[in-house]
Structure formats: structure tokens, C-alpha cells
């Protein structure tokens, strides 16, 4: 197992006092590893879980050439040189069973969507395109090409092909794919166990009588909700006071039960920030000042084999550091194939001041402008304690490390919340 010093030595230009976001993510990726252990679950319980092994298709999908719509099937070669094709209807083929008759020259077969196409029939004309005269259909041949409206055997999946890959985060479409292969169960990685605790004498749980100068613990509910979305098994450790004995007991208890500990607060340089010292006492921990805004103070390490993330205390900084640093690491530990959240490009509706030398995440609202192009504006006050700004936003405007001021109309990157927050 690599120590934090081992990882630090392998990263060129590592500086814990001014760490670039790219280097922070690279460091974390070296630290964490997928959990061991799998389970096999019914399909209905697999959404959001990580696939533990490749799913190989045992059949061609679809199993036969079939009709893509309701209409009339015929041999496409009959279209050659015709403007209108007149064919005699000899029967009807329904989805779910093969039609047993034969179709000769000058004939066609009425077909329903999904009906197997008998040998020699390779083209389907939609019923709304034809004129029916008794048992004869008049087909506008100049509006069709041979092979139109046919689904080919195996065009979705060939037998023996990989249908779903190990490490895939199973979305509804993947669940449907498994069902289309006749599977009732799937092997998935075991759930990641994550313990969360808030620290600080000023933090109170919702429902208590708020003391003067205290704040309600929003971070616990934000982070545990984010963990629920990822499908983690969440262990809530509550609020821990700024008392060394209580902090040590809470961290030891969390490390004994969880794969990951996430805490908020106590990683800055304040006199009452005992969490920092306690982390260092119990494990192999690094304390970073990341070149980012918001969320500069950050702790990372291990207590035994349990990975530790110490987040700042301000509500917006907690969410930003979770999305940009912790979430990718948790997915990696879950066994998911790494996939960065896509960054959209949008035109800025307003100027933004930005100092080169740090990555900034501004809360933004993306919309579609008058010309149909994406545009984005900030939510206004970007203070790291302004939680309402995260409620109003639908994404984070990501201003890169080397980027300077933004002018109206400039293109900026946006990390959308949908699917993540």
C-alpha cells in the first residue's frame, strides 16, 4: 500500500500549500482503490450500482430480421424503375410468431411492428404511405429504398458480444439491456460504506433550539444526500464537538466500520480546529491548501485502511469539493470506470473577475438564449456560505487555473448538476 509520501514523491511539482486541482485529483486517484466483494441482485435492485463483471450476450438482438413499423413487407428489388408499385397482399404477420406462408413475385405481406420478416422480404413500406384497394396496395416506389424500415438480426448485439462492461454504473438503459437478454440478476460491486460526521461547537442538529451564534448542520444533510445518490451505505456519526477525546472516539468508531470517512469543518488553521491534529494523530494524513475557490482547505489520508476526506466547513465549499474531488474518488472505490462529468460550453451573460493561478467554481444558471445557443449567468453573491446560491444554480461555472477575467459573450465551461447534485 502506497503511503502519502510515496504518492507525493511520484507527482512532479507537488506543493501541498498551493496544489492545482489536476494534481489533487491525480493524487487522490493514486490513493484510492476499488473495494473488494460483490453480490448478485435482481434487476430491479441494480440501478445505480456498479457492474462487477462483463455481461456477454448469449443471443443475437434482435434474434431475426423484423419490421420496424406497421406496414407491408416485400422484396426491395421490385422498386427498381418504378414510380408506383402495385402488390397483392397475401397475409398478415404479427409480432411474436413466425408467419408460415410464402410470398411470391407481385405479392407482399402485411406486417406489424416487430413481426419476423420471412426470407426474401427485405423492405417495409409504412401503412400510411400506401393506398389500399381491396387486397392490392399501391406503393409510391420513388419514396422508398430497398431495405427501408427493416431491423437486421443482431444489429443491436451479436451473440458473444459484450453487452455491458465491468465497471459500468448501471443506468436505466443498462437495466433494460440486461432484461432484453433474458437476465433476471446481475453481479454488482458491494456498496461502499461511508461514514459522515460534522465537527464544531457551533454546529447544531435541525430540530434543536438554536443557540446564539450557532448554525444548523446543513452539511450533514447535503453530503449524505449526495452519498445516497451514489448508492453508498451511509453511516451517520452526527455532530462531534471540538473536544479532542470526543473527536478521537468518533474517528476511531468511523474507521472501524467504514471504507471512507468524510468530515466537514476543522481542517483550517483556527485555534479550535482540533480535527486537523486528531487526523494526524490517528493516521497518515496530508493537509492541503488547494488552488481553488471555494474550498481551499482540504485534508486527505487514511486511518488504517479507511480513506479520509476532511472537507471545509462552509456549505458551498463542502459541495464544490465533494463534486470536484470526493465524488470521482468514491466512484473509483465503487469500482466504476472513471468518467469525468461533462463540461458544457456556454456564452457568459456577464463579466466575471478571475485571478489566474487557481480554479474557480461559480454558481451559474444555464439557459437557452434567443438564438438557440447556451448562455450562463451567475447567481449573484458567490460567498462560500451562501447556500441559497446552490439552490438557485443548475451548474457550476468552471474557470480554469490559468484563465483570467471573463467578458460578456466569452465561452465558459459549466459542470451541470443534473445527475450529480
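Please treat every number below as a calculation from the coordinates, not as lab data. The structure presented is a predicted model; accordingly, all values stated were derived computationally and were not measured. Cβ coordinates were reconstructed from backbone atoms using ideal geometry, including for glycine residues, and neighbour counts include every protein chain displayed.
Order of 170-176, 235-241 by packing, highest average Cβ count within 10 Å first?
Numbers: 170-176: 14.6, 235-241: 17.6.
My ranking of the peptides, most packed first, is 235-241, 170-176.
Grab the Cα-Cα distance for residue 257 and residue 212, subtract it from 0.36 nm times how many residues apart they are, and report the gain in nm with one decimal. It would help to have the intermediate numbers written out before the result.
Details: separation 45, 0.36 × 45 = 16.20 nm, distance 3.47 nm.
Full extension of this stretch gives 12.7 nm more.
Return the percentage of antiparallel bridges among DSSP beta bridges fully within region 300-421, rounded to the nearest 5 %. Could the numbers behind the result be given before it?
Numbers: 24 of 26 bridges.
So the antiparallel bridges in region 300-421 amount to around 90 percent.
In Å, the Kirkwood hydrodynamic radius of region 66-151 over pairs of distinct alpha carbons?
It is 12.3 Å.
Round to the nearest 10 and give me the degree value, 0 to 90, for the angle of helix 218-230's Cα axis relative to the longest principal axis of the chain.
Between the helix axis and the principal axis of the chain, the angle is about 30 degrees.
Below 8 Å between Cα atoms, with a sequence gap of 6+, how large is the relative contact order for region 191-333 in percent?
24 percent
As an exercise, use a Förster radius of 22 Å and the Cβ-Cβ distance of residue 97 and residue 146 to find the FRET efficiency, rounded to the nearest 0.05. Could you put the intermediate results ahead of the total?
Details: r = 26 Å, r/R0 = 1.18.
The formula returns an efficiency of 0.25 here.
What fraction of the DSSP beta bridges in the chain is antiparallel, stated in percent and rounded to the nearest 5? Please report the intermediate quantities before stating the final value.
Values: 59 of 86 bridges.
Among the beta bridges of the chain, antiparallel pairing accounts for roughly 70 percent.
Where does helix 244-257 land angle-wise versus the long Cα axis of the chain, in degrees 0 to 90, nearest 10?
It works out to around 30 degrees.
So, by mean Cβ neighbours within 10 angstrom, what's the order for 387-396, 77-86, 365-374 with the highest one leading?
Working: 387-396: 17.9, 77-86: 13.3, 365-374: 11.2.
The packing order, highest mean first, is 387-396, 77-86, 365-374.
Between region 293-368 and region 83-149, how far is it from one alpha carbon centroid to the other, in angstrom?
Measuring centre to centre over Cα atoms gives 56 Å.
Would you mind listing how long region 191-333 runs along its three principal axes, going by Cα atoms, in whole Å with the largest first?
The Cα atoms of region 191-333 stretch 42, 32, 31 Å along the principal axes, largest first.
Output the relative contact order of the chain, whole-number percent, from Cα pairs under 8 angstrom with separation of 6+ residues. Don't jump to the answer; show the numbers that get you there.
Numbers: 930 pairs, mean separation 67.9, N = 421.
It rounds to 16 percent for the chain.
What angle, in degrees between 0 and 90 and rounded to the nearest 10, separates the Cα long axis of helix 21-31 from the longest principal axis of the Cα atoms of the chain?
90 degrees
Which option, (i) 203; (ii) 213; (iii) 149, is the value of volume of the Cα convex hull per residue in Å³ that was calculated from these coordinates?
Read-out from the structure maps to (ii).
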